[in-house]
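The values are calculated or read from the model by the stated rules, or taken from the named source; none is laboratory data. Note that this is a predicted model, so its numbers are computed, not measured. Heads up, the Cβs are rebuilt from the backbone with ideal geometry, glycines too, and the neighbour counts pull from every protein chain shown. SASA here: full protein model, heavy atoms, side chains in, ligands and nucleic acids out. Shrake-Rupley method; radii C 1.70, N 1.55, O 1.52, S 1.80 Å.
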Amino acid sequence: MDQTTNALRGEGIALSFGGIKVLKGLDVEFRAGEITGLIGPNGAGKTSLFNCLTGAYSPQQGTISYAGDRLNGLPPAARANKGIVRSFQHVALCPDLTVRENVMMGIARYGKAGWLSAFLPLPAGAREREEMARSADKALVDLGLPDVGDKFPAELPPGMQRLVEIARAVVGKPSVLMLDEPAAGLNNSETRDLTTVLRKLASTDLVLVVVEHDMDLVMSICDRIYVLNFGEFVAVGSPEEVRSNPDVIQIYLGSDDDE
Amino acid sequence: MSDQATHMTPDQTVLSRLSGVATSGVTTTVLVAALIFMPFLLGGSWTFTLGLCFANSIGVLAVSLLVRYGGEVSIGHTFFTALGAYSVGVLDVRYGISLWASVPLALLLGVTFGLLFAWPSRNLHGIYLAVTTLALALAVPEMINNFDALTGGYEGLYVSTPFIPGVSMGMQRYYVALVMLVIVCVAVARLRLSRQGMALLLAKTHPSAADAFGTRRVWARISIMGISGGIGALCGATLAFSGSTVSPGGFTFWQAIFLLVGSVVSFYGLSLPRVLIGGAFVTLVPQLLSASGAWIPVFYGLALLGMILLGHYMPRIRKAMAQKSEVA
Ligand SMILES: Nc1ncnc2c1ncn2[C@@H]1O[C@H](COP(=O)(O)OP(=O)(O)OP(=O)(O)O)[C@@H](O)[C@H]1O
Ligand SMILES: [Mg+2]
């Protein structure tokens, strides 16, 4: 299968806030079947790029397309319905919902049960909820969280909350999955589980993009890496190419090694 | 509680944990059972007042629902209660049609006008939305008087057609209100478990996350206003039947404020015992105020303030105490 037909593409994406240029005309091609890393120092614009691609921000310039369909102007919810899904850098779970229910929100958009079954005990609604709960539980198990479905997010340590956030993004079998710092706050064994999950997820038709500060994780799972600095790409390539790029070493990996 | 939880389905666990106590279902059942027998123990006037409490509880629930699921405050819900009340009043007095038709009509009108109000105000939040709902409330008495051929103007309408033939009217006014309250509370409890209810909660706490998973903010706002408006109208319909008279005096701006206050003193609770506290407040306080001397309103103001502050700080105090005991 041609990896580039089902790619998420951005051409000349430029975004600024009140005169401050956050993204300076970026070209990206996130391909299906690959794990793409997006790295760069704090404030480089990684989350902003995600926000442009998912529709949370409207870039002043540039076009965004997935599998040839232009996405510009589509609101986030419409992009979600096309299977473009993300996780949030700052965990955005609803405190009023249990962990299982939070994950269920990742597939709620497929729900067919109407308003009547929201209020009345109709079998269709009950069946749908059961199915969603089962999918959510399975996603939680895949992420190494088999027993927390009935808890509320606030009862979990931050690392687990982040995994729940990822489970919510994964459960709907997205076609584009963008993870914003999925390993932040995870301990070593959680990170290892996450790595396994991400490897398993990578399939021929999934566009998987990972923003991450954990260099070991990025270097070990990514097929291609984009390095962003001050809203511009300084390098794009395989982990080996990026690791040996002198600019990258200077602005990013260099400072990382000094620490 | 945890070993109790193992005997429950996940959904039951969710509901019981939300209401704080695992026994809340039991409490509600016992309460409803007690209320069923109340008319046999109480005099006619208390039965009548209790019926009004049930009706007002539905209104309090409508306001609390908007807070809990929409994150917004309304000081104009008398607009919806008036819609419902006049649906019942007009159909009864002018056309001799009973609740079978007028309650569904009330619900339909409440939902429709909730949606119609929500669309133009969809981008307003907090105090701006509240002030907009205020405009609704202020318009109500005027509109009632303008349509006096239908509404009876200041005179009002007297609802007297029985709903269940052969049962005394006093009993009907009580039990219809109780049944309506129970039905609405059960429906609202079910909403919590539904896909739509969960989406509303996510949209309230993390609108951008809801957006990213296919729930539009505008959808959330319009939906919750429709639901809250519909329940508000059911409150009005019940008030009309249980209170027997429908007149502009029942739908003043102050009444709208009282509904919000009732919601606050019940801590925005959505369970039957909680909304009943709010409903009792809405029903009894105006009666006591009008009958009492000059100082009593001040005491009520202070008591109200005390309750609100308690509700505001209680969770924090509890949290602080829990942390202390953890440290110890
Ligand atoms: N809504 C906004 N309004 C104003 N400025 C913003 C907004 N969102 C992002 N920015 C600015 O854009 C720049 C890039 O931010 P962004 O969050 O995209 O960086 P990042 O690469 O994700 O950083 P980090 O690694 O810290 O998450 C920052 O200077 C930030 O202040
Ligand atoms: Mg970021």
A careful count of residues in the stretch B:162-192 that are among the aliphatic types (A, V, I, L, M) and over 21 Å from the mean Cα position of the chain (by Cα) gives 4
Right, A:R109: at pLDDT below 95 and within 16 Å of ligand 2 (Cβ to nearest atom) or not?
-> no
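Kindly check whether there is at least one residue in the stretch A:148-166 that is assigned to a helix (DSSP H, G or I), touching a strand residue (DSSP E or B) at 6+ places or on another chain (Cβ under 6 Å) and either open to solvent by 20 Å² or more (accessible area, probe 1.4 Å) or within 16 Å of ligand 1 (Cβ to nearest atom) (or both).
Taking every residue of the stretch A:148-166 in turn, none turns out to be assigned to a helix (DSSP H, G or I), touching a strand residue (DSSP E or B) at 6+ places or on another chain (Cβ under 6 Å) and either open to solvent by 20 Å² or more (accessible area, probe 1.4 Å) or within 16 Å of ligand 1 (Cβ to nearest atom) (or both).
Residues are listed down the side, and each one gets a yes or a no for (1) touching a strand residue (DSSP E or B) at 6+ places or on another chain (Cβ under 9 Å); (2) open to solvent by 20 Å² or more (accessible area, probe 1.4 Å); (3) assigned by TED's automatic domain parsing to the domain that holds B:A280:
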{"residue": "B:P162", "(1), (2), (3)": "no, yes, yes"}
{"residue": "B:G170", "(1), (2), (3)": "no, yes, yes"}
{"residue": "B:P207", "(1), (2), (3)": "no, yes, yes"}
{"residue": "B:W219", "(1), (2), (3)": "no, yes, yes"}
{"residue": "B:G230", "(1), (2), (3)": "no, no, yes"}
{"residue": "B:A240", "(1), (2), (3)": "yes, no, yes"}
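Filtering the stretch A:167-185 down to residues that are away from ligand 2 (no atom under 16 Å from the Cβ) and either out of contact with any Asp or Glu (no Cβ under 8 Å at 6 or more places or on another chain) or assigned to a loop (DSSP other than H, G, I, E, B) (or both), which residue is most open to solvent (accessible area, probe 1.4 Å)?
Within the stretch A:167-185, the match that is most open to solvent (accessible area, probe 1.4 Å) is A:K173.
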Notebook entry, point to check: Of the residues that make up the stretch A:115-123, is at least one more than 12 Å from chain B (Cβ to nearest Cβ), without any contact (Cβ under 8 Å) to a residue 12 or more places away in the chain and assigned to a helix (DSSP H, G or I)?
Noted result: yes
Log entry, pairs with first residue in the stretch A:76-102 being facing another protein chain (nearest Cβ under 7 Å), second being among the β-branched types (V, I, T), beta carbons closer than 6 Å, six or more apart or on different chains, reads A:P76/A:T54; A:R86/A:T54; A:C94/B:T205; A:T98/B:V14
Within the stretch A:52-83, of all residues that are touching a Pro at 6+ places or on another chain (Cβ under 9 Å) and not hydrophobic (A, V, I, L, M, F, W, C), the one farthest from ligand 1 (Cβ to nearest atom) is A:G83
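Just to confirm my filter: which strands (runs of 3 or more DSSP E) fall fully inside the stretch A:1-105 and include at least 2 residues that are open to solvent by 10 Å² or more (accessible area, probe 1.4 Å)? Can you show your working first?
Details: elements: A:8-17, A:20-30, A:35-39, A:61-66, A:84-86.
Where strands (runs of 3 or more DSSP E) fall fully within the stretch A:1-105 and carry at least 2 residues being open to solvent by 10 Å² or more (accessible area, probe 1.4 Å), they are A:8-17, A:20-30, A:61-66.
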Worksheet item: Within the stretch A:196-212, is there a residue that is among the acidic types (D, E), within 16 Å of ligand 2 (Cβ to nearest atom) and within 15 Å of A:V99 (Cβ to Cβ)?
Response: no
Okay, helices (runs of 4 or more DSSP H) sitting entirely in the stretch B:140-250 with 3 or more residues that are facing chain A (nearest Cβ under 9 Å), I get B:169-193, B:195-205, B:207-212, B:217-243
